[in-house]
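Each remark here refers to the structure printed beneath this line.
The values are calculated or read from the model by the stated rules, or taken from the named source; none is laboratory data. This structure is a prediction, so every number in the text was calculated from the model and none was measured. Using ideal geometry, Cβ is built from the backbone for each residue, glycine included, and neighbour counts are taken over all protein chains shown. We work out accessible area using only protein heavy atoms, side chains counted, and drop any ligands, DNA or RNA first. Shrake-Rupley method; radii C 1.70, N 1.55, O 1.52, S 1.80 Å.
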Amino acid sequence: MKFFLTSLLLGGLVLVSPAVVSAASEASQENMEGQAMIKPPSSASEQASDTSEEQTEGTISSSDSSAGMDWSAANTKNQKTQGSFTVCVDAGHQGSWVDMSAQEPMAPGSSQTKNKATTGTSGNFSNVPEYEVNLEVSLVLQKELLSRGYNVIMTREDNDKAISNKERAELATEEGADITVRIHANGANDSASAGALTMAPTSSNQYLNQDIIEKSNTLATCIINHYCDATGLGNLGVISSDNMTGTNWSTVPVAILEMGFMSNQKDDLYITDSSNHETMAKAVADGIDEYFSLVSPAASEMPSPSPVEEPSE
Ligand SMILES: [Zn+2]
């Protein structure tokens, strides 16, 4: 009886928050990881919602420096600054026929290795492989970001490309990305696990400096809140993990979006429905817009009026 009661209690505990418990383990499983930690989603959400409203207003209103500005050219929000920023969009995984089982270090200087990449999960209801929906949404996101004036780097534009997680981070560095957004979908054994989440490094990540860590968490918060507000999918908040190869090798702020659980009927059918991809991509782009309105990673690189006269003929 005592055993029975204990089992009931344990069962009850698991039932208290199945989504959150599974999110931690399955985000880890999906990424072949083991030590993800969860931050309370509520605090992350509340914090971001507050700044979100503030910043949306802030970016729309003009400042003194707008005097004489050509408003006909500034017909979209943030257009003036977005052209200076480069976003690396990393569609997670690749086709299952691409052998990525060779090992690579999980982080600079680390003796721990992981597969260069994995195949990812697949939809239990849609039967769509994760690498496919990741790419589809990433391509729509690319188009959306370009329309907003961003420069965009794609780590892959088909399912055949063999590029490891480390190489994806290196590509972003080589191409001068200001941020990297990694598009993934989740999977769990429990079909009740549902909702979207983002992943960012912990404050004690030994491979990334504090500036990148903080900005990565800001980026992750901006994206998950816009994404869940727009899609109506559950918001599991930002999960911290230092076991992501593509994140540890990054030299710029980076966030992973897990768009939803492909093991959950509602999530799976939503994210694999291409009629939703524009909503999803616009929401991620809104999160990126908000991120750049909060931080200015490329401020020092932005062209400023030169005190030196232009050479004339
Ligand atoms: Zn994935």
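Just give me the residues in the stretch 215-224 being open to solvent by 10 Å² or more (accessible area, probe 1.4 Å) and either closer than 11 Å to Leu197 by Cα or among the acidic types (Asp, Glu) (or both), in sequence order. Passing the criteria: only Thr221. Ala192 fulfils the conditions (1) open to solvent by less than 10 Å² (accessible area, probe 1.4 Å); (2) within 18 Å of Asp267 (Cβ to Cβ) except for a single criterion, (1). Looking at (1) within 16 Å of the ligand (Cβ to nearest atom); (2) assigned to a loop (DSSP other than H, G, I, E, B); (3) hydroxyl-bearing (Ser, Thr, Tyr), can you tell me which one Thr202 breaks? The single condition Thr202 does not satisfy is (1).
Is it the case that the stretch 141-160 has a residue that's within 19 Å of Ile212 (Cα to Cα), surrounded by fewer than 16 Cβ atoms within 10 Å (Cβ to Cβ) and out of contact with any Lys or Arg (no Cβ under 7 Å at 6 or more places or on another chain)? No; the residues of the stretch 141-160 include none that is within 19 Å of Ile212 (Cα to Cα), surrounded by fewer than 16 Cβ atoms within 10 Å (Cβ to Cβ) and out of contact with any Lys or Arg (no Cβ under 7 Å at 6 or more places or on another chain).
Selection of first residues in the stretch 86-107 that are among the small types (Gly, Ala, Ser) and of second residues that are in a loop (DSSP other than H, G, I, E, B) and open to solvent by less than 10 Å² (accessible area, probe 1.4 Å), restricted to Cβ pairs under 6 Å at least 6 apart or on distinct chains, gives the following pairs, ordered by first then second residue: Ala91/Arg156.
Annotation: of all residues in the stretch 84-103 being within 14 Å of the ligand (Cβ to nearest atom) and in a loop (DSSP other than H, G, I, E, B), the one that is most open to solvent (accessible area, probe 1.4 Å) is Ser96. Of the residues making up the stretch 165-189, those that are open to solvent by 30 Å² or more (accessible area, probe 1.4 Å), in a loop (DSSP other than H, G, I, E, B) and closer than 24 Å to Glu104 by Cα are Glu175, Gly176.
Considering only residues in the stretch 253-291 that are surrounded by 24 or more Cβ atoms within 10 Å (Cβ to Cβ) and of a type in the set (Phe, Trp, Tyr), the one that is farthest from the ligand (Cβ to nearest atom) turns out to be Tyr291. Of all residues in the stretch 175-199, those satisfying the criterion of being away from the ligand (no atom under 13 Å from the Cβ) and charged (D, E, K, R) are Glu175, Asp178, Asp190. Residues that are at negative phi and modelled with pLDDT under 95 are absent from the stretch 171-193 altogether.
For every residue, the table says whether it meets (1) of a type in the set (A, V, I, L, M); (2) farther than 29 Å from Asp273 by Cα.
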| site | (1), (2) |
| --- | --- |
| Ser122 | no, no |
| Val137 | yes, no |
| Gln142 | no, no |
| Leu171 | yes, yes |
| Asn186 | no, no |
| Asp190 | no, no |
| Thr198 | no, no |
| Asn205 | no, yes |
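In the stretch 115-136, the qualifying residues are those that are part of a helix (DSSP H, G or I) and within 12 Å of the ligand (Cβ to nearest atom), and the one that is most open to solvent (accessible area, probe 1.4 Å) is Glu132.
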